[in-house]
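S.K.: Below is one structure. I have some questions about it.
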Amino acid sequence: MFHGRRRYDHFPTPAQTGPPGSPASCLHRHRPSSRFEWYLSDGGDPAELVTAWLASNGLPVRNLIRSAIPFHPIDEDTVCGSALYVSAAAGSVMAGGMPGGVTPVPGIPDVAAVLYVHHTQGSEAGSGSTPAPRAHPESAPPPWELGSWVPSWTRQEHANAVGAVRAAIARGDVYQVNVVGHASAPYTGDAVAALQRVTRIPGARYGGMMAGDNWHIATASPETLVEIRAGRVITRPIKGTRPATVKGRAELLASDKERAEHVMIVDLSRNDLARLPGVGPVRVDELFGVREWSGLWQAESQVSAPITGTLELSAVLRAMCPGGSVTGAPKLAALNEIAHLEPVGRGVSMGALGWVGTDHVDLGLTIRTVAATDGRLHLWAGGGITIDSDPWAEVDEAAAKAGPLRAILAGGR
């Protein structure tokens, strides 16, 4: 039974890039079957609603310890798994926090899931990507052209928000808050081709796409929000950025500010995992490892816990969404600050996009993520603010994170 707002009875020819986290062996032999969508205005508990829908379609989301069993079906017409997307606003609702400002992409749902089943090799389903809207082959799209980016706030307003967070930290309201800016640009031509370039950015662990009725999401995220595999729950928070140079790496490793900010988010991730029912002791497997993403060094840690009892996907979503690295600490207090400071909602960014399968769950945090809808591209970028943050340095860091996306969307490298 379908429990979402919309059901699509046809799934047009999909794009080449599939949903992040789906089994590589299945990318060219599964097809979309049915779909769930939820908007903030629908009400109810989105974590439970999407979990119930996935369970009704045969996925083991009521008892995730089953993901430790290395079984993946290969028979025709059997369920392969589901792509799953959660917006930042939906994640805030799941966590019990404020959803933030009005989204600049109201046509995109706040939760979406697309069920996939296997098909015979060579059938018309072809690619394993998320379905795109139906194309009209008789009318070729115009050449790709991207207009000027229009930010939702000025550099001064962004810097003022950083200052407001520092004041909130000084009052003792929060320890850290992630501040995010938004920009949009008009386009003409084939947005899918441009978004596919985004998914291939070096370091995009979760490079992939999802699409619906007049909208597309593409991510180049390097960050694991939550992975459930072989009987463990894993998160890999990223916090701390420098240019990918020898000097930049040395600066990142030597920065007391970046390390303190990072450790706060690792502690938050430990607390998030510890809140889960049915898990054992939480451990930090790696602390402050340095990874490269498209010309930037980023600090990443890994935190995990074993599944020891019954654990439902709904509980995981409530505990892990939104990701601590894009909220701050304490999480609910940080969400309250974000809702008051950011002029528009975070839309498809700072949420989750990935895969719920028969043998694993793998959701990426939707940083480095772009949306296309109603003839405009939308992107978001920001950073974590501590008492030691320099406002203008934070504004520049957000621009550096958005830079590779803007260059690729414009037709660059």
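S.K.: How large a share of the accessible area of the chain, in percent, is made up of carbon and sulfur atoms when the probe is 1.4 Å and the other protein chains stay in place?
M.R.: That fraction is 54 percent.
S.K.: OK, next. Is the shape of the range 140-217 best called rounded, prolate or oblate, per the rule: a/c under 1.5 gives rounded, else a/b larger than b/c gives prolate, else oblate, with a ≥ b ≥ c the square roots of the Cα gyration tensor eigenvalues?
M.R.: prolate
S.K.: Could you derive backbone 3J(HN,Hα) for the range 157-165 from the dihedral phi with the Karplus parameters 6.51, -1.76 and 1.60 (θ = phi - 60°), listing whole Hz in sequence and x where the residue is Gly or Pro?
M.R.: My calculation for the range 157-165 gives 5, 4, 4, 5, 5, 4, x, 5, 5 Hz in order.
S.K.: Can you compute the helix-only [θ] at 222 nm over the chain? Use -39500 (n - 2.57) per DSSP H run of at least 4 residues, normalise by all residues, nearest 500 deg cm²/dmol.
M.R.: About -8500 deg cm²/dmol.
S.K.: Could you work out how much longer the chain between A167 and H340 gets when fully extended? Use 0.36 nm per residue separation minus the Cα distance between them, nm to one decimal.
M.R.: Stretched fully, the A167-H340 segment lengthens by 60.9 nm.
S.K.: Oh, and also: Given the Cα-Cα distance of D285 and R229 and 0.36 nm per residue of separation, how much length would full extension add, in nm?
M.R.: Difference between extended and current length: 18.6 nm.
S.K.: Here's a follow-up. In nm, to one decimal, how far is the T245 label point from the A140 one, both placed 7 Å along Cα→Cβ?
M.R.: My value for the distance between the label points is 4.4 nm.
S.K.: Return the lysines within reach of K247: Cα separation strictly under 29 angstrom, same-chain partners fewer than 8 residues apart disregarded; answer none if there are no such residues.
M.R.: K239, K257, K401
S.K.: Could you give the C-alpha radius of gyration of the range 270-400 expressed as a fraction of 2.2 N^0.38 Å, taking N as the number of residues it contains?
M.R.: 1.18
S.K.: Sticking with this one: Rounded to the nearest 10 Å², what accessible area does S269 have for a 1.4 Å probe in the complete protein model?
M.R.: Here the residue's solvent-accessible area equals roughly 10 Å².
S.K.: Which FRET efficiency, nearest 0.05, do A410 and N63 yield, Cβ-Cβ r, R0 51 Å?
M.R.: 0.65
S.K.: By the gyration tensor of its Cα atoms, with a ≥ b ≥ c the square roots of the eigenvalues, what is the shape of the range 201-352: rounded for a/c under 1.5, prolate for a/b over b/c, or oblate?
M.R.: Verdict is rounded for the range 201-352.
S.K.: Stretched out fully, how many nm does the piece from R376 to A55 gain, at 0.36 nm a residue minus the Cα gap?
M.R.: Extra length from R376 to A55 when fully extended: 112.0 nm.
S.K.: Further, regarding this structure: Could you tell me the extents of the range 163-287's C-alpha atoms along the three principal axes, largest first, rounded to whole Å?
M.R.: Principal extents (Cα only, largest first): 48, 41, 35 Å.
S.K.: Report, by chain and number, residues whose modeled amide H sits under 5 Å from the one on M98, excluding near sequence neighbours (fewer than 5 apart, same chain).
M.R.: N336
S.K.: Quick check on the range 184-253: take the gyration tensor over C-alpha atoms, sort the square-rooted eigenvalues as a ≥ b ≥ c, and tell me if it's rounded (a/c under 1.5), prolate or oblate.
M.R.: oblate
S.K.: Averaging over all projection directions, find the projected area of the Cα convex hull of the chain and quote it in nm² with one decimal place.
M.R.: For the Cα atoms of the chain, the hull's average projected area reads 18.7 nm².
S.K.: Take M98, M210 and sort them by solvent-accessible surface of the protein heavy atoms, 1.4 Å probe, largest at the top.
M.R.: M98, M210
The values are calculated or read from the model by the stated rules, or taken from the named source; none is laboratory data. Just so it is clear, the model here is predicted, and its values are computed rather than measured. Cβ sites come from the backbone with ideal geometry, for glycine too, and all protein chains shown count toward neighbours. Note: areas computed on protein heavy atoms with side chains; ligands, DNA, RNA excluded. Shrake-Rupley method; radii C 1.70, N 1.55, O 1.52, S 1.80 Å.
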